[in-house]
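Data block below; observations after.
The values are calculated or read from the model by the stated rules, or taken from the named source; none is laboratory data. Keep in mind that this is a model prediction, so the values were computed, not measured. Neighbour counts run over all protein chains shown; Cβ positions are idealised from the backbone, glycine included. Quick note on the areas: whole protein, heavy atoms, side chains included, nothing else; ligands and nucleic acids left out. Shrake-Rupley method; radii C 1.70, N 1.55, O 1.52, S 1.80 Å.
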Amino acid sequence: MRIVIVADVFPPLRSSGAVQLRDLSREFVRHGHEVTVLVASPELHKDWQIDHWNGVRIVRLRTPRTKDVSYGRRTIGEFLMPYAMRRNLKKSPLAGEKWDGVVWYSPTIFLGPIVHALKRASQCPSYLIIRDIFPEWAVDMGLMGKGLPYRFFKAVANYQYSVADVIGVQTPGNLAYFNELASGAKPPQLEVLHNWLSHASDTGCSISVQKTALRGRKIFVYAGNMGIAQGMDILLDLAEKLKTRSDIGFLFVGRGSDAKRLRDEANERCLDNVVFFDEIDPDEIAGLYAQCHIGLVALDPRHKTHNIPGKFLSYMQAALPVLANINPGNDLIDLINSTRVGAACTDQSVDSLARLAEKLLSQLEQDRDIQERCKNLAKTMFSPEVTVRQISIALQKQHDYNSVLSRASQNHRTAGASIDTDETAPEYSSKL
């Protein structure tokens, strides 16, 4: 199939979404599909740019800035983004190209207009990969009420859902939220599409734990975004609680709105068992984890939707058991417990989290199979091969379904024309 992937992130960006889309596009190519990625690129000084990478054609389209700007400017930029992408795509050599399927990634929620235009021009099905449910999670977090801004974002999100033929959500728990879409004239097909991550080889890392204050310790590592949604303060509380354990250290690597605050707070608390580093290249993650022992996951307890962070996948792939502090009811709890790949805390108690941390360290020494279980989970549930196969099947089914509907509609119109001719014939005859 000729697949077009639409997104607002792609390498060289280092976000989890960019890495996932890199792995997804590469896997589509490996399965024999012809892949083009349309990516919003505010850094461009021209309208469009075409790059080629590992068999993937990347079309970078100039758009307004949406990153590292004020919330108001970001909203305006994201609203204008799909129209700028469509306008600049028309100026490129790909203006008249047709596709067999459109795949797009959310967040952001604003790509609906360009996806709709691509679908209409190619008469092809679309697949929405949704990784968080916005604006609902912002309401849960207390970042937004249900006033005018919420209604605006909700309308944008609902339009995006209406454009999709198939929606792939992260976990079974998120399916319930979309049940209301079933009342539409043409509701999208809903299915669980697990996150994915390609295998990464250890090619080394610019961070050497042995050259830090954590040398010789059992390392709890957190690598990724440090923002409001993560609720990472309890991880500093955990480090403080275990400060007397000279054999335990905490390594935080990444960026985000809370990164500087957390770093400053660790210094103020004199946490000599904590070390912070800035974001590193995704290709260095395997080398980083090879120096660590347990991966940390944190999600703010106010979340009501279900989320399996990308870092969880990377921990599993690196055979790192996970210690998670997450919102009650999250599907990740059952996944961790049923596969025995770590421990999950939901009562937001640092004492409970500390007990689980120490228990997990002991288990790591006694349970020789736990690392193998982590790797097996990554292979069986979070493989890009499984993801591409699932999306391809869904698009093909939708294509076949739409073809049947088109033929039925054409037959109906033909039959209607025949009936009209038969009914009017006697009238014409009588007139003759």
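Inclusion of Lys375 among residues that are under 25 Å from Phe250 (Cβ atoms) and surrounded by fewer than 13 Cβ atoms within 10 Å (Cβ to Cβ) is not warranted. Per the conditions (1) more than 25 Å from Met1 (Cβ to Cβ); (2) hydroxyl-bearing (Ser, Thr, Tyr); (3) at pLDDT below 95, the sole criterion not satisfied by Ser352 is (3). Within segment 349-372, the set of residues being open to solvent by less than 50 Å² (accessible area, probe 1.4 Å) and either among the hydrophobic types (A, V, I, L, M, F, W, C) or in contact with a strand residue (DSSP E or B) (Cβ under 9 Å, 6 or more places away or on another chain) (or both) comprises Val350, Ser352, Leu353, Ala354, Leu356, Ala357, Leu360, Leu361, Leu364, Ile370. Scan segment 121-150 for residues that are open to solvent by less than 10 Å² (accessible area, probe 1.4 Å), of a type in the set (Gly, Ala, Ser) and at pLDDT 95 or above and the total you get is 1.
Would you confirm whether or not segment 56-66 contains a residue that is among the charged types (D, E, K, R), closer than 24 Å to Tyr159 by Cβ and open to solvent by 80 Å² or more (accessible area, probe 1.4 Å)? So far as segment 56-66 goes, yes, one or more of its residues are among the charged types (D, E, K, R), closer than 24 Å to Tyr159 by Cβ and open to solvent by 80 Å² or more (accessible area, probe 1.4 Å). Annotation note: of Leu361, Leu332, the sole residue that is touching a residue at least 60 places away in the same chain (Cβ under 8 Å) and more than 19 Å from Lys241 (Cβ to Cβ) is Leu332. Residues of segment 34-55 that are surrounded by fewer than 19 Cβ atoms within 10 Å (Cβ to Cβ) and of a type outside the set (S, T, N, Q): Glu34, Pro42, Glu43, Leu44, His45, Lys46, Asp47, Ile50, Asp51, His52, Trp53, Gly55.
Lys46: in contact (Cβ under 8 Å) with a residue 24 or more places away in the chain and among the charged types (D, E, K, R), yes or no? For Lys46, the condition - in contact (Cβ under 8 Å) with a residue 24 or more places away in the chain and among the charged types (D, E, K, R) - is not met. A single entry from Asp300, Asp283, Asp264, Asp247 fulfils the requirement of being in contact (Cβ under 8 Å) with a residue 40 or more places away in the chain and open to solvent by 50 Å² or more (accessible area, probe 1.4 Å): Asp283. Scanning segment 378-398 for residues that are in a helix (DSSP H, G or I) and surrounded by 17 or more Cβ atoms within 10 Å (Cβ to Cβ) gives Ala378, Pro384, Thr387, Val388, Gln390, Ile391, Ser392, Ala394, Leu395, Gln398. Any idea which residue in segment 95-120 is farthest from Pro149 (Cα to Cα), counting only those that are without any contact (Cβ under 8 Å) to a residue 60 or more places away in the chain and surrounded by fewer than 16 Cβ atoms within 10 Å (Cβ to Cβ)? Only one residue fits best here, namely Gly96.
The numbered conditions (1) open to solvent by 30 Å² or more (accessible area, probe 1.4 Å); (2) farther than 30 Å from Gly72 by Cα; (3) touching a Pro at 6+ places or on another chain (Cβ under 8 Å) are all true for Pro187 except (3). Quick one: in segment 324-348, of everything that is over 26 Å from Lys379 (Cβ atoms), part of a loop (DSSP other than H, G, I, E, B) and touching a helix residue (DSSP H, G or I) at 6+ places or on another chain (Cβ under 9 Å), which residue is least open to solvent (accessible area, probe 1.4 Å)? Checking each candidate, the answer is Asn327.
Of all residues in segment 2-30, those that are open to solvent by 40 Å² or more (accessible area, probe 1.4 Å) have Cβ atoms under 7 Å from Cβ atoms of residues that are small (Gly, Ala, Ser) and assigned to a helix (DSSP H, G or I), 6 or more apart or on another chain, in Ser16/Gly310.
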